[in-house]
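J.: Please find one structure pasted underneath; my questions will follow.
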There are 2 protein chains.
Amino acid sequence: GRKVLIVYAHQEPKSLNGSLKRVAVEELSKQGCSVTVSDLYAMQFEPRATRNDIVGCLHNPEEFNYGVETWEAYKRGDLSNDLIEEQKKVQEADLMIFQFPLYWFSMPAIMKGWMDRVLVQGFAHDFPNCYDSGLLKNKLALFSFTTGGSREMYAKGGISGDIRYLLWPIQHGIMHFCGVKVLAPHICFAPEYVSEEKRKEMLIAWAQRLKTLWKEEPINCSPEWYFK
Amino acid sequence: GRKVLIVYAHQEPKSLNGSLKRVAVEELSKQGCSVTVSDLYAMQFEPRATRNDIVGCLHNPEEFNYGVETWEAYKRGDLSNDLIEEQKKVQEADLMIFQFPLYWFSMPAIMKGWMDRVLVQGFAHDFPNCYDSGLLKNKLALFSFTTGGSREMYAKGGISGDIRYLLWPIQHGIMHFCGVKVLAPHICFAPEYVSEEKRKEMLIAWAQRLKTLWKEEPINCSPEWYFK
């Protein structure tokens, strides 16, 4: 069975994001996948990149450099326990699903902190092992999120621009950089402004997509996909 | 005298980011500006958007909705003290400078949390008061940051794509959405891979730019600037 890690960032289990997460757990479990959830708010996940992420002495205590120190600590096995736990989950996963409400054209800070702290040099990338040769190659990622703005606002020529524009830093800058292949995003536009029935349809559509997810081809994660 | 808020996110005062921040404080103070710094790591600024941001009772305790609850709390004057403090600084500022190292094609989570939590509906925007009629109009913002990747990697056609691609969510999606006009970014490429002398030149160039900053015209914050 395949292994899936769902990194989930919503404060309210009754939210649409909460329901989308539950639907994914149910549908993927039904398929025989083993599913792990990192429920970031429930875990009170720490988003700040600080000296606390390194156990014991620093490589250079005179001038703290987060990137260098976490890289060195990774090699020594001296990252903090919460990071080691998350890295284990990533290492085992065939697919990572990121489920969140869009905050300011990006992920909520608690999830950005997961990216900043978990995807350490040496673990997820190690120059020149980046992009197609990133250390997490052979894994898949999928960004599933809800928006405040409508589909029209996020259309090409809409006031907020093509939704793909804002996926560039997330899909290309983070996942592709680590060698992860990216499946098409799953976007629920403006669920707060539609009927309860429409929201139910959104959940059904997600369950439906998950049924054939493993047959999907990754997107071509290059500027053409985003800005063509 | 003009008022400047510097929102600063680096753990190490001796870093180039720390020096860039100090140069800005010195140069702008010399000009007669009054400068305030929010040193996010030193403040241990909270990046997580949670129920703790609302003092007292919730508008809808049955189903927690962060956007709605902070909007309501703002109107009642019931946001947490750290948010009220930051909003006062924003309200008074003519210019906001964001100083940070680029983390994963974006700002560090601690700064993203500042955006998520401080720029509350009712305070920074209030539909239809967004974009050119956002509530923070008549203010300026400038993103000043360092990168790990080189200028060549962030060129159009480079492996990491035009650096402007990743500025879209930050400059347009956040600042323009709130009505803030955006000055050209200030970017120090790959300071960790250049000589001490080159890094000193970077500091001098920043001080130099600040001398005539108030004569600069904002960028045209539309898709053409980013994706032309």
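J.: Please count how many residues of region A:214-228 are more than 14 Å from chain B (Cβ to nearest Cβ) and in contact (Cβ under 8 Å) with a residue 40 or more places away in the chain.
T.: Here the count works out to 3.
J.: Among the residues of region A:185-216, which ones are of a type in the set (V, I, T), over 15 Å from A:E27 (Cβ atoms) and out of contact with any strand residue (DSSP E or B) (no Cβ under 8 Å at 6 or more places or on another chain)?
T.: Result: A:V194, single match.
J.: For region B:207-221, which residues satisfy the criterion of being part of a helix (DSSP H, G or I) and among the charged types (D, E, K, R)?
T.: B:R209, B:K211, B:K215
J.: How many of the residues in region A:47-86 are within 11 Å of chain B (Cβ to nearest Cβ), closer than 23 Å to A:V7 by Cβ and open to solvent by 50 Å² or more (accessible area, probe 1.4 Å)?
T.: The number of residues fulfilling the criteria is 1.
J.: Only one of (1) in a loop (DSSP other than H, G, I, E, B); (2) more than 12 Å from chain A (Cβ to nearest Cβ); (3) β-branched (V, I, T) is not met by B:I159, so which one is it?
T.: (2)
J.: Using the structure shown, decide if B:I204 is open to solvent by 20 Å² or more (accessible area, probe 1.4 Å) and not in a helix (DSSP H, G or I).
T.: No; evaluated as a whole, the condition is false for this residue.
J.: While we're here: Only residues that are more than 29 Å from B:D162 (Cβ to Cβ), touching a Gly at 6+ places or on another chain (Cβ under 7 Å) and part of a loop (DSSP other than H, G, I, E, B): list them for region B:116-142, please.
T.: B:L135
J.: Filter region B:172-190 down to the residues that are open to solvent by less than 10 Å² (accessible area, probe 1.4 Å), in contact with a helix residue (DSSP H, G or I) (Cβ under 8 Å, 6 or more places away or on another chain) and part of a helix (DSSP H, G or I) and list them by number.
T.: Correct list: B:H172, B:G173, B:I174.
J.: Looking at region A:39-52, I want the residues that are closer than 11 Å to A:W114 by Cα and have a partner that is open to solvent by 40 Å² or more (accessible area, probe 1.4 Å) with Cβ atoms under 7 Å, at least 6 apart or on another chain. Which pairs are those?
T.: Pairs that qualify, where the first residue is closer than 11 Å to A:W114 by Cα and the partner is open to solvent by 40 Å² or more (accessible area, probe 1.4 Å), are A:E46/A:D82.
J.: Shifting gears a bit: Restricting attention to region B:16-46, report how many residues are within 14 Å of another protein chain (Cβ to nearest Cβ), outside any loop (DSSP other than H, G, I, E, B) and among the aliphatic types (A, V, I, L, M).
T.: So the answer is 1.
J.: Within region B:117-135, can one find any residue that is buried (at least 24 other Cβ atoms within 10 Å of the Cβ), touching a Pro at 6+ places or on another chain (Cβ under 8 Å), within 13 Å of chain A (Cβ to nearest Cβ) and under 27 Å from A:G148 (Cα atoms)?
T.: yes
J.: Here is a further query. Tell me, which residue of region B:53-97 that is β-branched (V, I, T) and touching a residue at least 60 places away in the same chain (Cβ under 8 Å) is farthest from B:L135 (Cα to Cα)?
T.: Among those that are β-branched (V, I, T) and touching a residue at least 60 places away in the same chain (Cβ under 8 Å), it is B:I97.
J.: Right, something else. Kindly provide the set of residues from region B:87-115 that are assigned to a helix (DSSP H, G or I) and either modelled with pLDDT under 95 or within 14 Å of chain A (Cβ to nearest Cβ) (or both), ordered by number.
T.: Listed by number, the residues that qualify are B:A109, B:I110, B:M111, B:K112, B:G113, B:W114, B:M115.
J.: Now for a separate question. Could you tell me whether A:L166 is buried (at least 19 other Cβ atoms within 10 Å of the Cβ), in contact with a Lys or Arg (Cβ under 8 Å, 6 or more places away or on another chain) and not β-branched (V, I, T)?
T.: no
J.: Could I ask something else about it? When you check A:K139 against the structure, is it in contact (Cβ under 8 Å) with a residue 40 or more places away in the chain, among the basic types (K, R), within 14 Å of chain B (Cβ to nearest Cβ) and touching a strand residue (DSSP E or B) at 6+ places or on another chain (Cβ under 8 Å), yes or no?
T.: For A:K139, the condition - in contact (Cβ under 8 Å) with a residue 40 or more places away in the chain, among the basic types (K, R), within 14 Å of chain B (Cβ to nearest Cβ) and touching a strand residue (DSSP E or B) at 6+ places or on another chain (Cβ under 8 Å) - is not met.
The values are calculated or read from the model by the stated rules, or taken from the named source; none is laboratory data. Everything numeric here is computed off the predicted structure, so don't read it as measured data. Note that we place each Cβ from the backbone using ideal geometry, even for glycine, and neighbour counts take in every protein chain shown. Side chains included, ligands, DNA and RNA excluded: accessible areas come from the protein's heavy atoms. Shrake-Rupley method; radii C 1.70, N 1.55, O 1.52, S 1.80 Å.
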